[in-house]
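Heads up, the thing below is written out as structure tokens.
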Amino acid sequence: MSDFEQPVLSVSLLNKQYGNGCASCRSSRRDRLIKNYCPVCGTVYACRDITFEVHAGEILGVVGESGSGKSTLMQCLYFDQDVSGGGAYISAYKNGQANIFAESSQQKRYIRNHIMGKVYQNPVMGLKMDFTAIGNIAEKLIAAGNRNVGRMEARGMGLLEHVNIPVYRAKEVPKNFSGGMRQRVQIAKALSNNPPLLLLDEVTTGLDLPVQASVLDLIKKIQRERDISVVVVSHDLGVIRMLADRTVVMLDGRIIEQGLTDQILEDPQHNYTQHLVQALLG
């Protein structure tokens, strides 16, 4: 496979469970589960055999209701949680030949600091609220080995300007910012080391509609300008419709449908996806 054809991210049979399982739920007969929960031993199967690819310059949407496993998937990809099984491969890391989940803690830190950026639903997870806005960006740059204060300041100012944070607020702390501004600082921080892959987890949840629209416009603009690959998770198919080239639909820890976003919207196959589309159109 050539570099052009190789996916930026390839995820294979990713599993994440909470609990050890039992004879009832470990068997091939998973019909004994209630959704993704085993009533016998209490094990929750948050992600079950998740497999997908993300290609260069592509935005992949992941949609599903609360508890579908989509945010757990993102936590696993960014090493916020350990997986129970499966693999993920990034073309920019060891030519896509190494399972990143099996790498050492040191190598996982390298991947987080150089190859991936993440924007969290709750900015408190992605920002130090008592650091200045530019200090948050500098933190990510320092973690990647940067030491030149002048260059880091110039980089931070440029990024904040790029995400529409006024320069005079660069040395203000994010706890004084609105929700939309906090998300824009997170985006700037995530982009600081030019990662080829950006993870966005429910980035518009809790924002007012006009603010949601401005954040989504910014994401689309940055993705086009930098030609980066993006995985965007949302429970809102409207967000996915605006951003995603392709979409996977999750339910009870599984991918139940995937395809081009237009295809999913115009001709959904699974009953659950049909319900989502009807809710969007209705």
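Values quoted throughout were computed directly from the atomic coordinates according to the rules given, and no laboratory measurement underlies them. Note that the structure is a prediction, hence the values are computed from the model and not measured. Cβ: placed from backbone, ideal geometry, glycine included. Neighbour counts: every protein chain shown.
Here the range 112-201 is treated with +1 on each Lys and Arg Cβ and -1 on each Asp and Glu Cβ, and its dipole about the Cα centre works out to around 100 debye. The stretch between residue 107 and residue 95 holds 2.9 nm of extra length on full extension. This uses 0.36 nm per residue minus the Cα-Cα distance. Scaled against 2.2 N^0.38 Å for its residue count N, the alpha carbon radius of gyration of the range 175-231 is 1.10. Between 148, 136, 122, where does the largest GNM mean-square fluctuation fall for the chain, given springs only between Cα atoms within less than 10 Å? Taking springs between Cα atoms under 10 Å, the residue moving most is 148. One Cα centroid belongs to the range 164-234, the other to the range 32-92; the line between them spans 23 Å. For the range 116-194, the C-alpha radius of gyration sits at 0.96 times the compact-globule guess of 2.2 N^0.38 Å, with N the residue count. Could you please report the charge total around residue 139, scoring K, R as +1 and D, E as -1 over all other residues with beta-carbon less than 11 angstrom from its beta-carbon? Overall, the nearby charge balance is +3. Let me know the whole percent of all Cα-Cα pairs from the chain that are separated by more than 33 Å. Counting pairs separated by more than 33 Å, the tail of P(r) holds 24 percent. When every Cα-Cα distance of the range 56-163 is counted in 10 angstrom steps from zero, the calculated P(r) takes the values 12, 36, 36, 15, 1 percent. Once you list every other residue whose beta carbon is under 11 Å from the beta carbon of residue 58, what net charge do they have if Lys and Arg are +1 and Asp and Glu are -1? That sum, taken over residues with Cβ under 11 Å, equals -2. For the chain, the list of Cys residues with no other Cys C-beta under 4.7 Å reads 47, 76. The calculated FRET efficiency for the pair residue 53 and residue 208, based on their C-beta separation and a Förster distance of 35 Å, comes to about 0.50.
The gain in end-to-end length when the residue 176 to residue 269 segment is fully stretched comes to 28.9 nm, 0.36 nm per residue minus the alpha carbon separation.
Counting only DSSP H runs of at least 4 residues, each contributing -39500 (n - 2.57), and dividing by the residue count of the chain, the helix-based mean residue ellipticity at 222 nm comes to -10500 deg cm²/dmol. Here is the tail figure for the range 96-255: Cα pairs spaced more than 25 Å apart come to 31 percent of all pairs. Extending 7 Å from the Cα toward the beta-carbon at both residue 41 and residue 147 defines two label points whose distance is 5.0 nm. Computed on the range 116-194, with alpha-carbon pairs under 8 angstrom and 6+ residues apart, the relative contact order is 46 percent.
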